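Engineer: Have a look at this one before I ask anything.
The values are calculated or read from the model by the stated rules, or taken from the named source; none is laboratory data. These figures come from a predicted structure and were not determined experimentally. Because the Cβ atoms are built from the backbone with ideal geometry, glycine has one as well, and the counts that use them run over all protein chains shown. Heavy atoms of the whole protein, side chains included, go into the accessibility calculation; ligands, DNA and RNA do not. Shrake-Rupley method; radii C 1.70, N 1.55, O 1.52, S 1.80 Å.
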Amino acid sequence: MVKLAEWRGKALFRKYGMPVPSGQVVRSADEAERLVAAGSVPLPCVVKAQVLAGGRGKGGAVRFAGSAAEARDATAAILGLDFKGEKVREVLLEGKVAIGRELYVSIALDRSLRAPVLIASGQGGVEIETVADGAIDRQPIDPFPGITGYERRRAARVLQLTGTLAGELDALLRGAWSLFQAEDAELVEINPLAVVDGHLLALDSKVIIEDDAAFRHPEYAEIQDDRTPLEEIAREKDIAFVQLDGNIGVIANGAGLTMATLDVLLELGGRPGVFLDLGGTDDPRKVTEAFLLMAQARPTAVFLNIFGGVTRCDTVATGLVAAMQQVPESNRFPLVARIRGNNEREGIEILRAAGVTSIPDLRASAEAVVAAAGGTP
Ligand code: GDP
Ligand code: MN
């Protein structure tokens, strides 16, 4: 799931012919003051934190400014915020408009309907979850024709838009549908879609790009900057590595086994925190690299839970033993292994020679890891 910041979403809106206010993104208060003073942002202006969490309006992350100095102060205040756990790094400045009505429109992928839905509500400007169901209109969309004329007219009626405004909604929905399809979005949300001087204007954007289509959109690869430095290195080496709070490292293969291992450790009172999914690798050097990355995360204990299928147990064991010899003394940690499956006996033998015992029972091995990590807190 790639969530785009508001300004990136609005850039897409513009690309697909949807009306948005003109704006500027800044990363410092000085830059904000300079752009406003130069007339690049009309006054009065809106100053908005570019974070992915919603509810900025209520949370003090949307402010107004009437001068370049005020824009500087508002930007400085917002850049200092830690909004719902997210550090604000970017701020969007836009001319403030006089809002007539605030509407809600979105196209979302509905997994239970297995179809996109067009959602419209006359009660925009607040989070849609807080709007009564009766005030929300949902139309499942057949992806082949896309949003039809009938569906666009029904949305206009729900939003009580007539005349020019109905025409503008029609064009906006065509644009939103093109965006949804061409950009592989799973959500295109406009909240509020405002009526300003008798015209529609998208005042906010929320666009989420479908993960499975990420390979078609290399332009989004670099904007996920919420990775830890080790996760960043892992990504470059194509290693599935996730770092969370917790002191037990888990090395497993396959997402299913990794998740199951996590569940078992949690159930036994352990705190799994670093996950490394070896996937279907058949290269001992890759295993070595992955293990060295794990060591850098400084876990208290590590659980190696491997099911040998495509990945043979001896491949993993060989890579692991090579890695163990490279980990500096100060970074060593207790290792509990459970390797089963293809070439199990060879793998166990390689580990045993290096002083690591494989415990075949899942519960027993997980208990041993929790104990090695300091037991139940
Ligand atoms: P969110 O709360 O994170 O969804 O942020 P929004 O972008 O939706 O902004 C929150 C609210 O700020 C909107 O619902 C508007 O009421 C208000 N707002 C944003 N831009 C303007 C503007 O140009 N003029 C006025 N009057 N209000 C605005
Ligand atoms: Mn909003």
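Engineer: Among the residues of the stretch 103-117, is there at least one that is away from ligand 1 (no atom under 16 Å from the Cβ) and among the β-branched types (Val, Ile, Thr)?
Structural biologist: Looking for residues that are away from ligand 1 (no atom under 16 Å from the Cβ) and among the β-branched types (Val, Ile, Thr), one finds at least one in the stretch 103-117, hence yes.
Engineer: Pick out, from the stretch 80-185, the strands (runs of 3 or more DSSP E) lying fully within it that include 2 or more residues that are of a type in the set (D, E, K, R).
Structural biologist: In the stretch 80-185, the matching strands (runs of 3 or more DSSP E) lie at 102-110, 136-140.
Engineer: Open to solvent by less than 30 Å² (accessible area, probe 1.4 Å) and within 31 Å of the chain's Cα centre (by Cα), is that true of LEU161?
Structural biologist: no
Engineer: On the basis of being at pLDDT 95 or above and either away from ligand 2 (no atom under 16 Å from the Cβ) or open to solvent by 60 Å² or more (accessible area, probe 1.4 Å) (or both), does ALA61 make the cut?
Structural biologist: Criteria not met by ALA61.
Engineer: Given GLY55, GLY80, GLY95, GLY23, which one is of a type outside the set (A, V, I, L, M, F, W, C), open to solvent by 10 Å² or more (accessible area, probe 1.4 Å) and on the phi > 0 side of the Ramachandran plot?
Structural biologist: On the way: GLY80 fails: on the phi > 0 side of the Ramachandran plot; GLY95 fails: on the phi > 0 side of the Ramachandran plot; GLY23 fails: on the phi > 0 side of the Ramachandran plot.
Testing whether each residue is of a type outside the set (A, V, I, L, M, F, W, C), open to solvent by 10 Å² or more (accessible area, probe 1.4 Å) and on the phi > 0 side of the Ramachandran plot leaves just GLY55.
Engineer: Pull up the stretch 203-247, narrow it to residues that are touching a Lys or Arg at 6+ places or on another chain (Cβ under 6 Å) and among the polar types (S, T, N, Q), then point me to the one that is farthest from ligand 1 (Cβ to nearest atom).
Structural biologist: So, considering only residues that are touching a Lys or Arg at 6+ places or on another chain (Cβ under 6 Å) and among the polar types (S, T, N, Q), the one farthest from ligand 1 (Cβ to nearest atom) is ASN247.
Engineer: Name the residues in the stretch 202-220 that are within 16 Å of ligand 2 (Cβ to nearest atom), open to solvent by less than 30 Å² (accessible area, probe 1.4 Å) and assigned to a strand (DSSP E or B), would you?
Structural biologist: The answer is ALA202, VAL207, ILE208.
Engineer: Oh, and also: From (1) out of contact with any Phe, Trp or Tyr (no Cβ under 8 Å at 6 or more places or on another chain); (2) touching a residue at least 24 places away in the same chain (Cβ under 8 Å); (3) farther than 19 Å from ALA11 by Cα, pick out the condition that doesn't hold for GLY80.
Structural biologist: Unmet condition: (2).
Engineer: Which of the residues spanning the stretch 186-201 are of a type outside the set (A, V, I, L, M), within 14 Å of ligand 1 (Cβ to nearest atom) and part of a strand (DSSP E or B)?
Structural biologist: Initially, the stretch 186-201 is screened for residues of a type outside the set (A, V, I, L, M), giving 186, 189, 191-192, 197-199.
So of that shortlist, the ones also within 14 Å of ligand 1 (Cβ to nearest atom) come out as 189, 191-192, 197, 199.
Answer for the stretch 186-201, where residues must be of a type outside the set (A, V, I, L, M), within 14 Å of ligand 1 (Cβ to nearest atom) and part of a strand (DSSP E or B): GLU189, ASN191, PRO192, HIS199.
Engineer: What number of residues within the stretch 108-148 satisfy the criterion of being open to solvent by less than 20 Å² (accessible area, probe 1.4 Å), of a type outside the set (S, T, N, Q) and away from ligand 2 (no atom under 16 Å from the Cβ)?
Structural biologist: Going through the stretch 108-148 one residue at a time, the tally reaches 7.
Engineer: In the stretch 349-361, how many residues are under 39 Å from the mean Cα position of the chain (by Cα) and among the hydrophobic types (A, V, I, L, M, F, W, C)?
Structural biologist: Residues of the stretch 349-361 that are under 39 Å from the mean Cα position of the chain (by Cα), as a first pass: 351, 356-361.
The next check asks that each one be among the hydrophobic types (A, V, I, L, M, F, W, C); those that pass are 351, 356, 359.
Of the residues in that region, 3 qualify.
Engineer: Is it true that VAL250 is away from ligand 1 (no atom under 16 Å from the Cβ), surrounded by fewer than 21 Cβ atoms within 10 Å (Cβ to Cβ) and not in a helix (DSSP H, G or I)? Can you show your working first?
Structural biologist: Numbers: away from ligand 1 (no atom under 16 Å from the Cβ): yes; surrounded by fewer than 21 Cβ atoms within 10 Å (Cβ to Cβ): no; not in a helix (DSSP H, G or I): yes.
Spelling it out, it is not the case that VAL250 is away from ligand 1 (no atom under 16 Å from the Cβ), surrounded by fewer than 21 Cβ atoms within 10 Å (Cβ to Cβ) and not in a helix (DSSP H, G or I).
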